[in-house]
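The values are calculated or read from the model by the stated rules, or taken from the named source; none is laboratory data. Everything quoted here is computed from the prediction, not taken from an experiment. As a convention, Cβ positions derive from the backbone with ideal geometry for all residues, glycine included, and neighbour counts pool all protein chains shown.
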Amino acid sequence: MVQRTRDPEQKATGPLSGLRILDLTTVLMGPFATSILGDMGADVIKVESPEGDVIRQVGPSRSGEMGGMFLHANRSKRSIVIDLKSESGRRALLRLAESSDVFVSNVRPQAMARLGLDYETLSAVNERIIYMSMVGYGSGGPYADRPAYDDLIQAAVGIPHLIGTSGGGSPRYIPINIADRMVGLHAASAILAAVLFRSKSGRGQHIEIPMFETLATVVLGDHMGGLTYDPPLDQGGYARLLSTQRRPFRTSDGYLAVLLYSNRHWRDFFTATGQHDVLNDERFASHAGRIQHADSLNERLASILLSRGTSEWCDLLTSLDVPHTRVHTLESLVDDAHLQAADFFAVADHPAEGRVRTLRVPSRWSESQPDPMRLAPRKGEHSREILQEGGYDADCIESLIREWQHGVAKEQQVNVGGEV
């Protein structure tokens with residue numbers, strides 16, 4: 001594992017060096033998007049309320065304010081605390097917006113309007129600004145004002161139903177924040193496209209990224225099937241993905257993921273295991289047939305894999321070049337030989353948390369390699385330097401910080417509904 005010491009004064013050298021982003025997002029969807037851009041060299045300024053981003057408290061940490069999810073979603077950022085409910089806080093944010101390229105928020109649009117921080121207001125002080133609104137549901141429909149969380153969006157696009165149908169049980173959520181992360185990826189790519197458009201046209205713009213519609217494209221891209229046609233050819237759904245037997249297979253001593261996808265995979269595996277009746281079964285003679293009869297084929301595969309241990313199967317499948325992998329736990333994933341050899345993990349010294357394990361940017365670039373510029377910040381760690389960059393003198397900075405800290409007990413933070 002790589003030992004890495006971070007220099008907080010290190011200058012950004014990634015492909016987005018010179019791009020400044022005001023990040024008014026909390027929890028995961030927005031912070032995940034902006035962390036991607038920060039790793040690419042953008043100067044991401046995380047604007048926190050006096051209470052701080054609630055996700056700081058999710059999961060174990062040494063300080064109580066740096067849970068693992070926060071650490072990974074907020075690296076490559078600077079943090080400033082601003083009380084946006086105060087007029088001085090609003091003015092400070094607008095001053096920072098004057099010199100920013102992008103503004104990102106997952107506060108509901110109604111709340112942003114009440115704060116006087118909507119697109120019209122920010123574009124009036126910086127006509128080139130790119131204003132990203134990350135919302136639960138698009139502004140064109142009847143759900144637009146609803147709060148949104150990952151679980152709710154998963155349900156809204158039918159993911160629990162698909163899991164229940166394919167698993168033969170009750171509906172369940174995917175045990176990762178799939179909506180937050182998929183929408184975060186879309187938001188990051190949209191920001192980059194808007195930056196490119198501005199470089200050609202000179203114009204900023206307002207972009208709305210809705211969770212519901214974005215994840216609906218992901219689900220329906222796989223499962224719309226015959227519903228694509230008018231009139232429909234079927235009720236939708238991709239049979240291979242919905243097979244009740246699509247799961248890791250039990251071996252005599254563990255579990256193994258195996259995918260007999262191509263004609264060669266199917267033929268070579270059943271030949272090597274002496275299952276000639278399967279090879280001669282007309283139901284499985286074509287790729288389309290194997291998808292249609294996926295349950296039957298997977299049931300047969302499951303019965304065969306029970307006959308040997310995982311390591312023995314891995315040796316055979318490797319020799320046949322049939323796609324397979326062992327099933328990791330979270331702990332064994334961290335120790336995975338490939339990730340270790342690829343230097344995917346690094347150890348760094350965090351000023352508040354001590355030694356922490358970080359994740360490498362997964363892509364490799366021949367030029368301008370993205371790399372995390374700094375570890376996730378302590379709440380308000382960079383308030384003074386950011387305000388100084390905004391043109392405030394030392395006395396004014398100290399006065400503002402005292403005012404915003406004092407104001408935390410007066411009112412509750414603007415409710416952003418966890419995500420939007």
Would you say Ser189 is within 19 Å of Thr34 (Cα to Cα) and among the polar types (S, T, N, Q)?
yes
Looking at region 51-99 only, could you name the residues that are surrounded by fewer than 17 Cβ atoms within 10 Å (Cβ to Cβ), touching a residue at least 40 places away in the same chain (Cβ under 8 Å) and not in a helix (DSSP H, G or I)?
Glu51, Arg62, Ser63, Glu65, Ser99
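In region 368-410, which residue that is among the hydroxyl-bearing types (Ser, Thr, Tyr) and closer than 20 Å to Gly38 by Cα is modelled with the highest pLDDT?
At the first step, the residues of region 368-410 found to be among the hydroxyl-bearing types (Ser, Thr, Tyr) are 368, 383, 392, 399.
Now restrict to residues that are closer than 20 Å to Gly38 by Cα: 368, 383.
Numbers: Ser368: 92, Ser383: 97.
Only one residue fits best here, namely Ser383.
Which one of Tyr137, Tyr131 is in contact with a Phe, Trp or Tyr (Cβ under 6 Å, 6 or more places away or on another chain), of a type in the set (Ser, Thr, Tyr) and part of a loop (DSSP other than H, G, I, E, B)? Give the derivation first.
Numbers: Tyr131 fails: part of a loop (DSSP other than H, G, I, E, B).
Of Tyr137, Tyr131, the one residue that is in contact with a Phe, Trp or Tyr (Cβ under 6 Å, 6 or more places away or on another chain), of a type in the set (Ser, Thr, Tyr) and part of a loop (DSSP other than H, G, I, E, B) is Tyr137.
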What is the one condition in (1) surrounded by fewer than 18 Cβ atoms within 10 Å (Cβ to Cβ); (2) closer than 30 Å to Ser311 by Cβ that Asp222 does not satisfy?
(2)
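Regarding region 317-325, can at least one residue be identified that is part of a helix (DSSP H, G or I), over 30 Å from Trp266 (Cα atoms) and either assigned by TED's automatic domain parsing to the domain that holds Arg56 or touching a residue at least 12 places away in the same chain (Cβ under 8 Å) (or both)?
Of the residues in region 317-325, the ones part of a helix (DSSP H, G or I) are 317-320.
Okay, now just the ones that are also over 30 Å from Trp266 (Cα atoms), so none.
No; the residues of region 317-325 include none that is part of a helix (DSSP H, G or I), over 30 Å from Trp266 (Cα atoms) and either assigned by TED's automatic domain parsing to the domain that holds Arg56 or touching a residue at least 12 places away in the same chain (Cβ under 8 Å) (or both).
Rundown of residues vs (1) under 21 Å from the mean Cα position of the chain (by Cα); (2) acidic (Asp, Glu); (3) within 24 Å of Leu19 (Cβ to Cβ); (4) at pLDDT below 95, yes/no style:
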position: Arg62; (1), (2), (3), (4): no, no, no, yes
position: Glu65; (1), (2), (3), (4): yes, yes, no, yes
position: Asp83; (1), (2), (3), (4): no, yes, no, no
position: Ser99; (1), (2), (3), (4): no, no, yes, no
position: Phe103; (1), (2), (3), (4): yes, no, yes, no
position: Ser123; (1), (2), (3), (4): no, no, yes, no
For His206, state whether it is touching a residue at least 24 places away in the same chain (Cβ under 8 Å), assigned to a helix (DSSP H, G or I) and surrounded by 13 or more Cβ atoms within 10 Å (Cβ to Cβ).
no
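Does at least one position in region 382-389 carry a residue that is hydrophobic (A, V, I, L, M, F, W, C) and under 31 Å from the mean Cα position of the chain (by Cα)?
At the first step, the residues of region 382-389 found to be hydrophobic (A, V, I, L, M, F, W, C) are 386-387.
Checking the rest, the ones that are also under 31 Å from the mean Cα position of the chain (by Cα) come to 386-387.
Yes, there is a match, as at least one residue in region 382-389 is hydrophobic (A, V, I, L, M, F, W, C) and under 31 Å from the mean Cα position of the chain (by Cα).
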Do we find a residue being modelled with pLDDT under 95, not in a helix (DSSP H, G or I) and not β-branched (Val, Ile, Thr) anywhere in region 108-117?
yes
Which is assigned to a loop (DSSP other than H, G, I, E, B) and either among the basic types (Lys, Arg) or surrounded by 13 or more Cβ atoms within 10 Å (Cβ to Cβ) (or both), of Leu260, Leu192?
Leu260
Collect the residues in region 78-132 that are of a type in the set (Lys, Arg) and over 24 Å from Gly52 (Cβ atoms), keeping them in residue-number order.
Arg128
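So which residues in region 100-116 are of a type outside the set (D, E, K, R), in contact (Cβ under 8 Å) with a residue 60 or more places away in the chain and either touching a helix residue (DSSP H, G or I) at 6+ places or on another chain (Cβ under 9 Å) or within 29 Å of His350 (Cα to Cα) (or both)? Steps first, please.
Of all residues in region 100-116, those of a type outside the set (D, E, K, R) come to 100, 102-107, 109-113, 115-116.
Those still in the list that are in contact (Cβ under 8 Å) with a residue 60 or more places away in the chain too: 100, 102-107, 111, 115.
Passing the criteria: Ser100, Val102, Phe103, Val104, Ser105, Asn106, Val107, Leu115.
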